[in-house]
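Participant: This is the structure, below, for whatever I ask next.
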Amino acid sequence: MPARIRLRRMGRKKTPHYRIVVADSASPRDGRFVETLGYYKPLSHPARLVVDLERVDHWLTAGASPSGTVKSLISKARRGGDATLVIGAEDAEARQAKRAEELASRRAVEQKVAADAKAADAAVAEAAAAEAKAAEEAKAAEAVAAAAEAAEAPEASADDAPAAEASADEEEKSE
């Protein structure tokens, strides 16, 4: 039976990645295979393709026919990739450095947000304290005004008392 170079689906639901395999044309998509030639991760940004072109050439000369998608991927690998496809395995140190950089930037943003929130809380507390102080001062001023008014009221009634007595005496005399 003729061999085919095709993709074998791997990964979880809705997160596929593929292995490029040589399989018998009668075997199912994810069934038995003869050899693994590489892998293809379409969901990474950019998509990553790792393929052993020497083994691909060996199987092509041996009569294996590639599927349409694999033919396209092989041609992109021979060209060295493009804007949407990167050829070769990702460097583990570069990946860790990138992850550490992303983590550091995320932490810096979180610290800035926390500092801004703390400053906003302090401003709100300061405004509330100023408002409370203003309310106390207004209350104290009201109390002073009420006390001054109360102090004036007895004096006024004392001044009015002789006049009221005089008017009452005048009314009695006129009768």
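The values are calculated or read from the model by the stated rules, or taken from the named source; none is laboratory data. Please read these numbers as outputs of a predicted model, since none were measured by experiment. Cβ sites come from the backbone with ideal geometry, for glycine too, and all protein chains shown count toward neighbours.
Participant: For T15, work out the one condition from (1) surrounded by 13 or more Cβ atoms within 10 Å (Cβ to Cβ); (2) within 23 Å of G81 (Cβ to Cβ) it doesn't fulfil.
Facilitator: So T15 meets the others, but not (1).
Participant: Let me ask you something else. So which of G63, G88 is modelled with pLDDT under 90 and either loosely packed, with under 10 Cβ neighbours inside 10 Å or on the phi > 0 side of the Ramachandran plot (or both)?
Facilitator: Every option except G88 fails the conditions.
Participant: Going by the structure shown, is K98 within 28 Å of V51 (Cα to Cα) and part of a helix (DSSP H, G or I)?
Facilitator: Answer is yes for this residue.
Participant: Within the range 61-70, does at least one residue satisfy the condition of being farther than 16 Å from V22 by Cβ, among the β-branched types (V, I, T) and touching a Leu at 6+ places or on another chain (Cβ under 7 Å)?
Facilitator: No: zero hits.
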